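The values are calculated or read from the model by the stated rules, or taken from the named source; none is laboratory data. Remember, it's a predicted structure, so these values are computed and weren't measured experimentally. For neighbour counting, all protein chains shown are included, and Cβ atoms are generated from backbone atoms with ideal geometry for every residue, glycine included. Heads up: the accessible areas ignore ligands, DNA and RNA and are worked out on the full protein's heavy atoms, side chains in. Shrake-Rupley method; radii C 1.70, N 1.55, O 1.52, S 1.80 Å.
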Amino acid sequence: QDVSIDSSCCKAHQHSTGAKKGTGSAEHIGMTRGQEYKNYATADGLGNPLYIQLGGDQISDITVASELLEHVDVSGSIVMADKAYGAADFRIKTEKSGAVYCIPPKSNTAEPWEADWWQYKERSRVECFFQKIKNYRRIAARYDKLAVRFLGFVHLVCILVWLM
């Protein structure tokens, strides 16, 4: 089984901000490039969601990557991700979990590793998953102020993706 990991950044609607003071990071709306948020997801080889979580736009992809894999059984599978997930710690953790990684090295990597580019093309499935869920305007624009409500609707749409 193939497992793809990626994140998608979207601009939150102006009315999604303004939740109770002091809950800014808990609502997963970033402040660095504007009012944005990220969906982090793992998808199987068919583009069906396996696990999804929210984060602000200021969070780096690699900081969430290990947590994404903890929720999915990847033993015996190929984990595909883009260059942002190419840190040595993540690659080692992937191999220790019994999986093989297919992550291309960044161009400035001191010791680049081999990447199977034909296999890497299959990573587009997770991109297709993000496009499927963004067809729902409520997800694409994030009208919900509270992260719990928004994530609940994302889970509902994930169920619809599995049923399609």
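Within the range 136-150, is even one residue in contact with a Leu (Cβ under 6 Å, 6 or more places away or on another chain) and more than 19 Å from Ser4 (Cβ to Cβ)? Scanning the range 136-150, I find at least one residue that is in contact with a Leu (Cβ under 6 Å, 6 or more places away or on another chain) and more than 19 Å from Ser4 (Cβ to Cβ), so the answer is yes. Pairs meeting the criteria (first residue in the range 135-164 and open to solvent by 50 Å² or more (accessible area, probe 1.4 Å), second residue in a loop (DSSP other than H, G, I, E, B) and at pLDDT 90 or above, beta carbons under 6 Å, at least 6 apart or on different chains) are Trp162/Asn48.
Being outside any helix (DSSP H, G or I) and either open to solvent by 50 Å² or more (accessible area, probe 1.4 Å) or among the acidic types (Asp, Glu) (or both) is the requirement here; does Pro105 meet it? Considered against the rule, which asks whether it is outside any helix (DSSP H, G or I) and either open to solvent by 50 Å² or more (accessible area, probe 1.4 Å) or among the acidic types (Asp, Glu) (or both), Pro105 comes out as no. So the check is Cβ under 9 Å with 6+ separation or different chains; which pairs have a first residue in the range 110-127 that's more than 23 Å from Leu50 (Cα to Cα) and open to solvent by less than 90 Å² (accessible area, probe 1.4 Å) and a second one that's in a loop (DSSP other than H, G, I, E, B) and of a type in the set (Val, Ile, Thr)? Final answer for the pair search is Trp113/Ile103; Ala115/Ile103.
Quick one: in the range 107-164, of everything that is more than 30 Å from Ile92 (Cα to Cα) and of a type in the set (Ser, Thr, Tyr), which residue is farthest from the chain's Cα centre (by Cα)? In this case the residue turns out to be Tyr143. In the set (1) surrounded by 13 or more Cβ atoms within 10 Å (Cβ to Cβ); (2) part of a helix (DSSP H, G or I); (3) touching a strand residue (DSSP E or B) at 6+ places or on another chain (Cβ under 9 Å), the condition left unmet by Glu67 is number (1).
Listed here are the residues, each with its yes/no results for (1) farther than 16 Å from Ile52 by Cβ; (2) modelled with pLDDT of 90 or more; (3) among the aromatic types (Phe, Trp, Tyr).
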site	(1), (2), (3)
Ile78	yes, yes, no
Thr94	yes, yes, no
Ser97	yes, yes, no
Tyr101	yes, yes, yes
Ala140	no, no, no
Leu151	no, no, no
Ile159	no, yes, no
